[in-house]
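Here the structure is laid out as structure tokens; the discussion comes afterwards.
None of the figures in this text is laboratory data; all of them are computed from the coordinates on show. These figures come from a predicted structure and were not determined experimentally. Don't worry about glycine lacking a Cβ; one is built from the backbone with ideal geometry, like all the others, and counts go over all protein chains shown.
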Amino acid sequence: MLPEHSFEFRLGDQTITLKTGKIARLAGGAVIAQSGDTVLLATATMANSVREGTDFFPLTVDFEERLYAAGRIPGSFFRREGRPSERAILTSRLIDRAVRPMFSHDMRNDVQIIVQPLSQGEVEYADTLGLIAASAALVISNVPFDDPVAAVRIGYVDGAFVVNPTIPQMEQSTLDLVVAGSADAIIMVEAGASVISEELMLDAMELAHQAIQEAIRIQLDMRAAVGRPKSDYPHFTMPEALTARVQELMLERVRHLVATTELKGERIDATNALEAELKATLADEAVENGWTQALIGEAFDAVLKQVVRERILNEGIRPDGRDQRTLRALDAEVHLVPRPHGSGLFTRGETQVMSLATLGMPGEEQELDDLFPEDTKRYIHHYNFPPYSTGEAYPLRGPRRREIGHGALAERALLPVIPAKDVFPYTIRVVSEVMSSNGSTSMASTCASTLALMDAGVPIKAPVGGIAMGLVSDGQRYRVLTDIQGIEDHLGDMDFKVTGTREGITALQMDIKIRGVSRAVLTEALEQARVARQQIIDVIESALAAPREVLSSFAPKMLTTHIDPEKIGALIGPGGKNIRALQSEYAVKIDVEEDGTVFIAAPDGDGAQRALAHVDSMMQTPKLGKVYNGKVVRVADFGAFVEIMPGTDGLVHISQLSDSRVEKVTDVANVGDELLVMVTGINEGKIRLSRQAVLEGWTLEEAQAQDAPPSGGGRRGGGGGGSRSRRHN
């Protein structure tokens, strides 16, 4: 047996075990983390050399789902996992955003983290456990990573916080907060909430930071016990002579550029021209000193960053001339195009997003094929970031991780205000198309999507606005910036996105480039965001004050009814025959759920109403003694089969077809004829009918006495009616 080292700690009410030494011994570091039935393998490995031309830190994080972990076979044709699920991508991003700030800025070696679920329980979350395992693998590996991080989820159930809640507990929670941090500070935040206050959110974040301290301590114990020596690596440093020359040539000119250009396009053109001039000026010196063009470009970027940050800290003036709390110009419009069921356009400065909403049937919910117990999604939000939105041109290759993440954030922001299914049974899809980008497109997507939903007539509980906050700090001083644009995101220290209604927060996402932020900074950022959110919602409501009371004429008109679940089979019919017939006859679409809820949608309300009446009549139970106006659907020598309600027929024996003797059934009844008949008997699903009882005016008792089955077979014994189903799905 290979040696194995095991470490254990508590996180909330759950015990977490970290093991190393037995599995994946050739990886730089490998840890198996277990909580209940959920088991993950996390590995961290660093390349021995730097790829030529690399001018950034190439960190890759992959959360590799395998459906065997949940005891399932993939549903694809190949029965093999394909592209990562949305949840896997979001988990990869969550881990990346937590560990990346903790690496040294002078690293250029490739580092790869792979987190692979081996077993997925129905109680424990894999994302926070995976982050802890990834950090532990880095800490004990040869990768230069010294400060462990950890993460925890915080719920809020029945007025109390829950640390590291289970999946069943989270079904009752009004808060889903994930916080990652180091021993000293919070590094990353991801949250969704059912409209909670800023103070409650801050308390939850502080509780989370306290809760992860034991997970951090245990990683330090692991490093002391089994940690490998850290590998040396080529430290990237900017040549002092180059820094001095660029400062000498460009500092004042960059200051002038930053002070005189406000629009993104103008600034980019001016910056590129100045950088090209610098490279030309230093061409001879670059050859003499071995300075590459990329190195000169980095030195120029450092000067630009220095100037922008100093101007903000010293003067409180941002690149576009705003102070730290002022928003860019806002504008909102609705109903820009006719055929989508709802559309909204939101503009903030040079950032512009159009969202388009589509309403569909319940059966069009997205089916999820991942490890999480949730199997469908009713509200779907997609986000697209085309190259023209930044004035670029490059091949379209489907959504990237960033686009998946931004769409998920906007989806989480709006989910708390989406009406319940029993109030508004539609499946809802919103697509946000970024038309122009200069920062904070995910928050513009939230605003544009609020407009599109209201334009579509979705009765959302309240408008949702979103704002991105930034931070510039030199260690002693800091300024929190409201509504950051692209350059402030790129050169600043924090991207803190906040969405909510007028009453409270619905979602948060925070990423930082420094090693943590204090509660004071977070408090200030949340308060500035709250004030900005009110201004944004004012603009949204000026375009459309409330959801439209009438759906788009192009949206399906939906009606709902409920049937006995035991009669679902009768409605659907063999092989879906009945529902197919109904959908064809009335030009509708019908979905049936397991609890007996039936949804009927049609382009016009009349078709849906008629289909609903048909379904209701199909579900009725024939009553003894009741007279029905039925239609002959089949004739035989011994009698006629008459449909008395959709899908249900019975037999009128030849002796009961008339008040006089009938020699031949077709003398009285032919297929398609309508007959008034009385139900005189129901036995094991077979229905006996009598036309004679109607003609003679008999009571049920008189009819049953006259229609008593003969003892020896004869002409009366030719057969009985039954229930026939015609449906489709």
Exercise for the section: Quick one: what are the phi-derived ³J(HN,Hα) couplings along the range 581-586, Karplus 6.51/-1.76/1.60 with θ = phi - 60°, whole Hz, x for glycine and proline? Expected result: 5, 5, 5, 6, 5, 10
Handout entry: For G342, residues with placed amide H under 5 Å, excluding near neighbours
Key = A357
Completion exercise
Inter-part gap, Cα centre of the range 19-47 to Cα centre of the range 415-487, in whole angstrom, is 38 Å
Exercise for the section: Report, by chain and number, residues whose modeled amide H sits under 5 Å from the one on V61, excluding near sequence neighbours (fewer than 5 apart, same chain). Expected result: I113
Exercise for the section: Report P(r) for the range 627-718: all Cα-Cα distances, bin width 5 Å, range 0 to the bin holding the largest distance, values in whole percent. Expected result: 3, 16, 28, 28, 19, 6, 0
Handout entry: Relative contact order for the range 15-96, counting Cα pairs under 8 Å that sit 6 or more residues apart, in percent
Key = 19 percent
Exercise for the section: Give the angle, between 0 and 90 degrees and rounded to the nearest 10, that separates the Cα long axis of helix 441-456 from the longest principal axis of the Cα atoms of the chain. Expected result: 20 degrees
Problem - Cβ-based net charge around R397, under 15 Å, with every Lys or Arg adding one and every Asp or Glu removing one - result: +2
Handout entry: Cα-based reach from K557 at 19 Å (exclusive), listing lysines while leaving out same-chain residues under 8 positions away
Key = K421, K589
Exercise for the section: Quick one: compute the contact order of the chain, relative version, from alpha carbon pairs under 8 angstrom and 6+ residues apart, as a percent. Expected result: 10 percent
Fill in the blank from the handout: Spelling it out for I186: with amide H atoms placed in the peptide plane at 1.01 Å from N, the residues 5 or more places away or on another chain with amide H under 5 Å from its amide H are V517
Completion exercise
Karplus ³J(HN,Hα) for the range 210-223 (6.51 cos²θ - 1.76 cosθ + 1.60, θ = phi - 60°; Hz, whole; x = Gly/Pro) runs 5, 5, 7, 4, 5, 5, 6, 4, 5, 5, 5, 5, 4, 4
Completion exercise
Relative to the chain, whose Cα atoms define the longest principal axis, helix 264-281 and its Cα axis are tilted in degrees, nearest 10, by 40 degrees
Exercise for the section: Estimate the FRET efficiency between T281 and A613 by the formula 1/(1 + (r/R0)^6), using the beta-carbon distance for r and 60 Å for R0, to the nearest 0.05. Expected result: 0.15
Completion exercise
Listing H490, H341, H614, H562 by rising number of other beta-carbon atoms within 10 angstrom, fewest first, gives H562, H490, H614, H341
Completion exercise
Diffing the range 379-391: the Karplus 3J(HN,Hα) column from phi (6.51, -1.76, 1.60, θ = phi - 60°), in whole Hz with x for Gly and Pro, holds 9, 10, 10, 10, 10, 10, 10, x, x, 5, 5, 10, x
